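A short write-up of the structure that comes next.
The values are calculated or read from the model by the stated rules, or taken from the named source; none is laboratory data. None of the values given here were measured: they were computed from a predicted structure. Glycine gets a Cβ as well: all are built from the backbone with ideal geometry, and neighbour counts include every protein chain shown. Please note that ligands, DNA and RNA were not included when accessible areas were found on the heavy atoms of the full protein model with its side chains. Shrake-Rupley method; radii C 1.70, N 1.55, O 1.52, S 1.80 Å.
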Amino acid sequence: MACTSGRPKLSDDQDRELFSESAGTCLLCSTSLFPKDPRRKRSIPIAERAHIIAHSDDGPRADPSLADSERAAPENIALLCPTCHTMVDKAPEEYPAQDLLDAKQARKQLVANIGGAQKFSDATEARKAVQRILIRNRIIFQRYGPSPEDGSTESTEIAQTWSRRVRTEIIPNNRLILALVDANSEFASTDDLEAIELLRQHTDDLERKHRDRTLEGPASRFPSEVENIFKGDSA
């Protein structure tokens, strides 16, 4: 579909697919795109369809080599709240195209994973699933993460790679752990539930620091208690 006055023109099916992939939330701040109006007792749609690579050659994150059809494609459109849409277009250097494309792909995968969060027959199987995700995150941290002692990195390039990995892998993986525990909460102890709330806070902090850039000071540390989720007395 073509764009009119810089606004994406999508078919009904394409539009529904965008909202499905985003779970009806802003790509950057995760706020609902259908907040409720308590006075009118109904929701208000605030979603804005934002180009990742600009529709024009002089817009934010422009790429003159990209065909008009590609600029208008759903793959180049992100669903944002009005505030985030303004931020990404007013400060495009802070929100490069690849970061937005990575975030869009990560959100799509996360929604798919959560939608299929598996129910397990016992705590042992649930624990194995959580451990597989934790191992992936641990390897990413060991390869790209900052020093546990002082938070330093070897170079600016590694720091940028780490930040991208946090946005596209660590955060979605943490969200998947949260979804798995929610889906198998009958196997969770009180300690498990407390660990999950610590993980939720840690993940929110990571998102504000590496995606929204609104966190003042360091993010809360990864809660080691998560390593023992679904462990119970059997291990």
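Here's how it looks for residue 43: its modeled amide H is under 5 Å from those of 37, which are all 5 or more places away or on a different chain. 3J(HN,Hα) along the range 202-210, derived from phi through the Karplus expression 6.51 cos²θ - 1.76 cosθ + 1.60 where θ = phi - 60°, amounts to 4, 5, 4, 5, 4, 5, 5, 6, 9 Hz, with x in place of Gly and Pro. Taking amide H positions as modeled 1.01 Å from N, with prolines and chain starts lacking one, no residue 5 or more places away or on another chain lies under 5 Å from residue 73. With each label modelled as a point 7 angstrom along the Cα→C-beta vector, the residue 159-residue 221 pair spans 2.1 nm. With the full set of protein chains in place, find how many percent of the accessible area of the chain is carbon and sulfur; take the probe as 1.4 Å. Of the solvent-accessible surface of the chain, carbon and sulfur hold 50 percent. When the Cα gyration tensor is reduced to axis lengths a ≥ b ≥ c, the ratio a/c is 1.5 or higher for the range 68-112, and with a/b not above b/c it is classed as oblate.
Phi-derived couplings, Karplus 6.51 cos²θ - 1.76 cosθ + 1.60 at θ = phi - 60°, listed residue by residue for the range 88-96: 5, 8, 7, 10, x, 5, 7, 10, x Hz, with x used for Gly and Pro. In the full protein context, the range 64-213 carries 52 Å² of accessible surface per residue, based on a 1.4 Å probe and ignoring ligands, DNA and RNA.
For the chain, the longest principal axis of the C-alpha atoms and the axis of helix 12-22 are separated by about 30°. Taking θ as phi - 60° and the Karplus parameters 6.51, -1.76 and 1.60, the scalar couplings of the range 153-170 work out to 10, 5, 7, 4, 5, 5, 4, 5, 5, 4, 4, 5, 5, 4, 5, 9, 10, 4 Hz in sequence order, x denoting glycine and proline. To the nearest ten degrees, helix 97-115 and the longest principal axis of the Cα atoms of the chain are 50 degrees apart. When only the Cβ of Lys, Arg, Asp and Glu is charged (+1, +1, -1, -1), the dipole of the range 148-235 relative to its Cα centre reaches about 500 debye. Across the options 123, 80, 54, the greatest Cα extent toward the positive end of the charge dipole of the chain (unit charges at beta carbon of Lys, Arg, Asp, Glu) belongs to 80. Partner lysines whose Cα lies under 19 Å from the Cα of residue 231, excluding those fewer than 8 positions away in the same chain, are identified as 119, 128. Taking the C-alpha atoms only, the angle from helix 171-183 to the longest principal axis of the chain is near 60 degrees.
Note on the range 19-58: Kirkwood hydrodynamic radius from all Cα pairs is 11.8 Å, rounded to one decimal. In this structure, the amide hydrogen of residue 25, modeled 1.01 Å from its nitrogen in the peptide plane, lies closer than 5 angstrom to those of 33, counting only residues at least 5 positions away or on a different chain. One decimal place: the segment residue 14-residue 182 gains 57.5 nm when fully extended, by the rule 0.36 nm per residue minus the C-alpha distance.
Here the calculated FRET efficiency for residue 205 and residue 32, from their Cβ-Cβ distance with R0 = 22 Å, stands at 0.60, rounded to the nearest 0.05. For the range 108-207, what does the alpha-carbon gyration tensor say about shape, rounded, prolate or oblate, given a ≥ b ≥ c as the root eigenvalues, a/c under 1.5 as rounded, and a/b over b/c as prolate? Verdict is prolate for the range 108-207. Computed over the chain, the quotient of the alpha carbon radius of gyration and 2.2 N^0.38 Å is 1.12.
For the range 55-101, the Cβ-based charge dipole about the Cα centre amounts to some 160 debye (Lys, Arg positive; Asp, Glu negative; other atoms uncharged). Each Lys and Arg contributes +1 and each Asp and Glu -1, all at the Cβ; summed about the Cα centre of the chain, the dipole is approximately 560 debye. Averaging the sequence gap over all C-alpha pairs within less than 8 Å and six or more residues apart, then dividing by the number of residues, gives the chain a relative contact order of 17 percent.
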